[in-house]
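Asks: The following block contains the structure, expressed as structure tokens.
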Amino acid sequence: MASIKDVAAEAGVSVATVSRVLNGHPSVSADARARVLAAVEALGYRPNAVARSLRTDETRTLGLVISDVMNPYFTELARSVEEEARALGYSVVIGNADERPELQDHHVRTLLDRRIDGLLVSPTDGGSPLMLDAARAGTPMVFVDRWIPGVDVPVVRADGRAAVRDLVAHLHRLGHRRLAIIAGPAATTTGSERVEAFREALAEFGLPLPDVCIGQGDFQAESGRRVTERFLDLPEPPEVVFAADNLMALGALDAVRARGLRIPDDIALAAFDDIPWFVHTDPPITAIAQPTGELGRAAVRALVDRIEGRPPQSVALPARLVVRRSCGEPGEGTPAQSPVPAQSPVQRSKP
């Protein structure tokens, strides 16, 4: 393997000149720079990233801690993060929190110890002292998808309120009146926000959301199955179950099928977090889609701005409703797109 001395000898310059070229120093002549780069190419020289980081205090590495690598949403998010980071000259080290706060903090601590340049986190809860301390210490950090209220860190997320309202309007047009939700963990911002958006949309259409129609899940399939079984055992089961993420929706689907019931004939199902294979279920599942790829790319750009001294911006991108056939929609010709929002029967009072 070629060394920096080999490059210097090949180019006919000093080792210091090679170092200045590789580090982008402006004080090197165009001729010397060209000879060094030609020597690097000819010898296949690769700088030692560890040694360079000790000199520059940069590793060109980002950390990403995601909530659940088994969730297709976070898998797609991680892929878009890695692609954008690579395009900007950074590598990514990923930690999977598995929806466990203690594992999340373990990954955050490990990544910080390894001197990453910046950190992307989708928090599993709202009370991590470690991330609060890291933010206060000036660690370049961006929250993606979820966030911790009160922590002064840029947030890149989807805004799903309008899409949830579109879903409720769609269900109301189809004649559904008894709706229930499988909620995510209340300690997460996405868990609490989706329940609040659902409740507000129901109220707009004059529909109640009694406590018995709110089931507490944990963004895992088993919780979706368990909550749906409880809904089905009610004296008056809901007409629609809205799962606040894709894995809980799959658990709900399992529970319905285990009872020998059919969707949407016996009960309808909708989900937050669209995933590619929702189109392959029978029937295809109506869902709210987040712009996952763009969220990942925007999160990387915000973090790199922070690392490189530019003011980062929080970003909220709109989610959208994708209409399929799991809620009693018409058959094969139904377009998979957001419906035009209906006029609600209950008007909000003007301030």
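Asks: If we sort 102-109, 218-225, 143-150, 230-237 on the protection proxy, mean other Cβ atoms within 10 Å, highest first, what's the order?
Replies: Numbers: 102-109: 17.4, 218-225: 22.1, 143-150: 19.5, 230-237: 13.0.
The most tightly packed comes first, giving 218-225, 143-150, 102-109, 230-237.
Asks: What does the highest-first list of 184-194, 162-172, 256-266, 7-17 look like by mean Cβ count within 10 Å? Walk me through the numbers before you get to the answer.
Replies: Values: 184-194: 20.3, 162-172: 23.0, 256-266: 14.2, 7-17: 17.3.
Going by the mean number of other Cβ atoms within 10 Å, highest first, we get 162-172, 184-194, 7-17, 256-266.
Asks: What accessible area per residue comes out for region 2-46, rounded to a whole number of Å², with a 1.4 Å probe?
Replies: That works out to 58 Å² per residue.
Asks: Using only the Cα atoms of region 65-205, what semi-axes does the equivalent ellipsoid have when each is the square root of 5 times a gyration tensor eigenvalue? Give whole Å, largest first. Numbers along the way, then the final one.
Replies: On the way: eigenvalues 213, 54, 34 Å².
Working from the Cα gyration tensor, I get semi-axes of 33, 16, 13 Å.
Asks: Next question, about the same structure. Heavy atoms only, probe 1.4 Å: what % of the accessible area of region 158-289 goes to carbon and sulfur, would you let me know? Please report the intermediate quantities before stating the final value.
Replies: Working: 2580 of 4920 Å².
Here it works out to 52 percent.
Asks: Would you calculate, for the chain, the mean residue ellipticity at 222 nm contributed by helices, counting each DSSP H stretch of 4 or more residues as -39,500 (n - 2.57) and dividing by all residues, to the nearest 500? Spell out each step's value before the answer.
Replies: Working: 12 runs with 145 residues, N = 351.
Helices in the chain give a 222 nm mean residue ellipticity of -13000 deg cm²/dmol.
Asks: Starting from the exponent 0.38 and prefactor 2.2 Å, build the expected Rg for region 2-46 from its residue count and divide its actual Cα Rg by it.
Replies: Numbers: Rg = 9.0 Å, N = 45, 2.2 N^0.38 = 9.3 Å.
Ratio of Cα Rg to 2.2 N^0.38 Å: 0.96.
Asks: Here's a follow-up. Please report, as a whole percent, how much of the solvent-accessible surface of region 2-46 comes from carbon and sulfur atoms (probe radius 1.4 Å).
Replies: Values: 1430 of 2600 Å².
Here carbon and sulfur together make up 55 percent of the probe-accessible area.
Asks: Per residue, how much accessible area does region 92-230 have with a 1.4 Å probe, in Å²?
Replies: Numbers: 5520 Å² over 139 residues.
I get 40 Å² per residue for region 92-230.
Asks: List the residues whose amide H sits under 5 Å from the amide H of residue 91, counting only those 5 or more places along or on another chain, with H placed 1.01 Å from N in the peptide plane.
Replies: Answer set, sorted by chain and number: 61, 62.
Asks: With a sphere of radius 15 Å drawn around the Cβ of residue 178, what net charge do the other residues whose Cβ falls strictly inside it have (Lys, Arg +1; Asp, Glu -1)? Walk me through the numbers on the way to the answer.
Replies: Working: positive: 177, 199, 230; negative: 211, 233, 236, 239, 266.
In short, -2.
Asks: Just need the Rg to Rh number for region 158-289, please, alpha carbons only, Kirkwood Rh.
Replies: Expressed as Rg/Rh, it is 0.92.
Asks: Starting from the Kirkwood radius over alpha-carbon pairs of the chain, derive D by Stokes-Einstein at 4 °C in a medium of 1.567 mPa s and give it in µm² s⁻¹.
Replies: Values: Rh = 22.7 Å.
The Stokes-Einstein estimate is 57 µm²/s.
The values are calculated or read from the model by the stated rules, or taken from the named source; none is laboratory data. Values in this document were obtained by computation on a predicted structure and should not be read as measured data. Ideal geometry is used to build each Cβ from the backbone, glycine not excepted, and the neighbour counts take in all protein chains shown. Heavy atoms of the whole protein, side chains included, go into the accessibility calculation; ligands, DNA and RNA do not. Shrake-Rupley method; radii C 1.70, N 1.55, O 1.52, S 1.80 Å.
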